[in-house]
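Right, one structure below, let's go through it.
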Amino acid sequence: TDDVFVPCAPVLTKKLSPANISNRGTAQLTFTLTPAPNSAPNALPVSFIDNLPAGIEVLNTSIPAANNTCGATVTKADGTALAAGATGVKISNAVLPSGGSQACSITVNVTNRLGQFNADCAANPTAFTNGAGNMSGFINATNGVTNACLVVNQAPVTLTKGFAPSPI
(Lines give C-alpha, C1' and ligand atoms only; values in the text may rest on other atoms or scores of the structure.)
Protein backbone atom coordinates (compact mmCIF):
# COMPACT_ATOMS: atom_id res chain seq x y z
CA THR A 1 0.00 0.00 0.00
CA ASP A 2 1.22 3.45 -0.88
CA ASP A 3 0.93 6.26 1.62
CA VAL A 4 -1.11 9.12 0.23
CA PHE A 5 -0.45 12.67 1.41
CA VAL A 6 -3.72 14.50 2.02
CA PRO A 7 -3.07 18.22 2.57
CA CYS A 8 -5.18 20.09 5.09
CA ALA A 9 -6.40 23.59 4.31
CA PRO A 10 -5.02 26.51 6.32
CA VAL A 11 -7.19 27.74 9.17
CA LEU A 12 -8.73 31.23 9.03
CA THR A 13 -9.19 33.27 12.20
CA LYS A 14 -10.02 36.95 12.66
CA LYS A 15 -10.01 39.55 15.41
CA LEU A 16 -11.06 43.14 16.03
CA SER A 17 -8.52 45.38 17.73
CA PRO A 18 -9.12 47.39 19.73
CA ALA A 19 -12.41 45.85 20.75
CA ASN A 20 -13.63 49.19 22.11
CA ILE A 21 -13.75 52.41 20.05
CA SER A 22 -15.42 55.79 20.24
CA ASN A 23 -17.95 56.90 17.63
CA ARG A 24 -16.40 56.62 14.12
CA GLY A 25 -13.10 55.48 15.64
CA THR A 26 -10.82 52.93 13.98
CA ALA A 27 -10.69 49.22 14.73
CA GLN A 28 -8.50 46.84 12.79
CA LEU A 29 -10.16 43.71 11.44
CA THR A 30 -7.31 41.22 11.00
CA PHE A 31 -7.70 37.96 9.11
CA THR A 32 -4.98 35.40 9.85
CA LEU A 33 -4.29 32.26 7.82
CA THR A 34 -2.36 29.63 9.75
CA PRO A 35 -1.04 26.50 8.06
CA ALA A 36 -2.54 23.23 9.22
CA PRO A 37 -0.06 20.67 10.62
CA ASN A 38 -0.37 18.56 7.45
CA SER A 39 -0.65 21.41 4.95
CA ALA A 40 0.74 20.99 1.47
CA PRO A 41 4.22 22.37 0.86
CA ASN A 42 2.88 24.54 -1.97
CA ALA A 43 -0.42 25.72 -0.54
CA LEU A 44 -3.18 26.70 -2.96
CA PRO A 45 -4.54 30.28 -3.07
CA VAL A 46 -7.16 31.00 -0.41
CA SER A 47 -10.33 33.07 -0.88
CA PHE A 48 -13.23 33.97 1.42
CA ILE A 49 -15.82 36.68 2.11
CA ASP A 50 -16.60 38.44 5.40
CA ASN A 51 -20.11 39.92 5.33
CA LEU A 52 -19.77 42.52 8.07
CA PRO A 53 -22.52 42.78 10.69
CA ALA A 54 -25.05 45.63 10.29
CA GLY A 55 -23.31 48.01 12.73
CA ILE A 56 -19.82 47.79 11.19
CA GLU A 57 -18.43 49.06 7.86
CA VAL A 58 -15.08 49.54 6.13
CA LEU A 59 -13.48 52.82 7.26
CA ASN A 60 -10.98 53.38 4.46
CA THR A 61 -9.35 51.48 1.67
CA SER A 62 -5.63 52.01 2.22
CA ILE A 63 -4.17 48.57 2.87
CA PRO A 64 -0.38 48.86 2.82
CA ALA A 65 1.61 45.75 1.92
CA ALA A 66 2.68 45.49 5.58
CA ASN A 67 -1.00 44.88 6.39
CA ASN A 68 -1.34 42.23 3.68
CA THR A 69 1.42 39.67 4.16
CA CYS A 70 -0.61 37.09 2.19
CA GLY A 71 -0.33 39.05 -1.07
CA ALA A 72 -4.12 38.87 -1.37
CA THR A 73 -6.48 40.93 -3.48
CA VAL A 74 -8.89 42.82 -1.17
CA THR A 75 -12.23 44.01 -2.59
CA LYS A 76 -15.83 44.56 -1.56
CA ALA A 77 -17.82 41.35 -1.07
CA ASP A 78 -19.17 41.62 -4.63
CA GLY A 79 -15.63 41.76 -6.08
CA THR A 80 -15.67 45.47 -6.96
CA ALA A 81 -13.07 47.96 -5.67
CA LEU A 82 -12.96 48.27 -1.89
CA ALA A 83 -14.52 51.54 -0.73
CA ALA A 84 -15.21 53.28 2.57
CA GLY A 85 -18.66 52.28 3.76
CA ALA A 86 -18.43 48.77 2.27
CA THR A 87 -20.47 46.23 4.21
CA GLY A 88 -18.39 43.22 3.22
CA VAL A 89 -14.81 42.30 2.38
CA LYS A 90 -13.63 39.70 -0.12
CA ILE A 91 -10.13 38.27 0.17
CA SER A 92 -8.93 36.53 -3.00
CA ASN A 93 -5.74 34.69 -3.95
CA ALA A 94 -4.14 34.83 -0.51
CA VAL A 95 -1.06 32.63 -0.40
CA LEU A 96 0.79 31.44 2.67
CA PRO A 97 4.45 32.50 2.50
CA SER A 98 7.40 30.08 2.36
CA GLY A 99 5.52 27.45 0.43
CA GLY A 100 2.68 27.28 2.92
CA SER A 101 4.70 26.82 6.10
CA GLN A 102 4.21 30.26 7.70
CA ALA A 103 1.10 32.20 8.78
CA CYS A 104 0.09 35.43 7.07
CA SER A 105 -2.47 38.16 7.73
CA ILE A 106 -4.57 40.86 6.09
CA THR A 107 -5.78 43.90 8.06
CA VAL A 108 -8.68 46.17 7.06
CA ASN A 109 -9.71 49.28 9.02
CA VAL A 110 -13.36 49.29 10.10
CA THR A 111 -15.63 51.56 12.13
CA ASN A 112 -19.23 51.80 13.27
CA ARG A 113 -21.94 52.85 10.85
CA LEU A 114 -23.25 56.38 11.34
CA GLY A 115 -25.62 56.54 14.30
CA GLN A 116 -24.92 52.94 15.38
CA PHE A 117 -23.62 52.42 18.93
CA ASN A 118 -22.98 49.43 21.17
CA ALA A 119 -22.26 50.03 24.84
CA ASP A 120 -21.75 46.39 25.78
CA CYS A 121 -20.87 43.03 24.23
CA ALA A 122 -22.21 40.88 27.08
CA ALA A 123 -25.02 39.51 24.92
CA ASN A 124 -22.99 39.52 21.65
CA PRO A 125 -25.39 41.87 19.85
CA THR A 126 -25.86 40.76 16.25
CA ALA A 127 -25.17 44.20 14.73
CA PHE A 128 -21.69 44.37 16.32
CA THR A 129 -20.60 40.72 16.53
CA ASN A 130 -18.49 39.45 13.63
CA GLY A 131 -18.15 35.68 13.76
CA ALA A 132 -18.09 32.44 11.80
CA GLY A 133 -21.63 33.03 10.57
CA ASN A 134 -20.49 36.16 8.71
CA MET A 135 -18.04 34.14 6.61
CA SER A 136 -18.79 32.60 3.21
CA GLY A 137 -17.19 31.67 -0.11
CA PHE A 138 -14.37 29.59 1.37
CA ILE A 139 -11.86 28.26 -1.13
CA ASN A 140 -8.90 26.25 0.20
CA ALA A 141 -9.40 27.34 3.84
CA THR A 142 -11.04 26.08 7.02
CA ASN A 143 -13.31 28.41 9.00
CA GLY A 144 -11.73 28.74 12.47
CA VAL A 145 -13.39 32.08 13.20
CA THR A 146 -14.87 32.82 16.63
CA ASN A 147 -17.10 35.71 17.65
CA ALA A 148 -15.47 39.14 17.91
CA CYS A 149 -17.66 41.94 19.26
CA LEU A 150 -17.02 45.67 18.86
CA VAL A 151 -18.02 48.13 21.59
CA VAL A 152 -18.77 51.59 20.19
CA ASN A 153 -19.14 54.35 22.76
CA GLN A 154 -21.21 57.37 21.93
CA ALA A 155 -19.21 60.54 22.61
CA PRO A 156 -20.62 62.52 25.52
CA VAL A 157 -22.52 65.64 24.55
CA THR A 158 -21.01 68.85 25.88
CA LEU A 159 -22.86 72.09 26.37
CA THR A 160 -21.37 75.53 26.62
CA LYS A 161 -23.13 78.84 27.05
CA GLY A 162 -22.21 82.44 26.90
CA PHE A 163 -23.70 85.87 26.49
CA ALA A 164 -23.24 88.01 23.46
CA PRO A 165 -22.53 90.79 23.33
CA SER A 166 -20.54 90.99 26.51
CA PRO A 167 -21.07 93.04 28.61
CA ILE A 168 -24.81 93.39 28.30
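Computed values, structure above
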| item | result |
| --- | --- |
| Condition met for THR111 (among the hydroxyl-bearing types (Ser, Thr, Tyr) and at pLDDT 95 or above) | yes |
| From THR61, THR34, THR80, THR30, residue being touching a helix residue (DSSP H, G or I) at 6+ places or on another chain (Cβ under 9 Å) and either under 21 Å from ASN134 (Cβ atoms) or not hydrophobic (A, V, I, L, M, F, W, C) (or both) | THR30 |
| Looking only at the range 26-37, and only at residues there that are within 16 Å of SER98 (Cβ to Cβ) and surrounded by fewer than 22 Cβ atoms within 10 Å (Cβ to Cβ), the one that is modelled with the highest pLDDT | THR32 |
| Single match in LEU16, LEU82 (criterion: modelled with pLDDT of 95 or more and among the aliphatic types (A, V, I, L, M)) | LEU16 |
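The values are calculated or read from the model by the stated rules, or taken from the named source; none is laboratory data. Please read these numbers as outputs of a predicted model, since none were measured by experiment. Every residue, glycine as well, gets a Cβ built from its backbone with ideal geometry; the counts of neighbours run over all protein chains shown.
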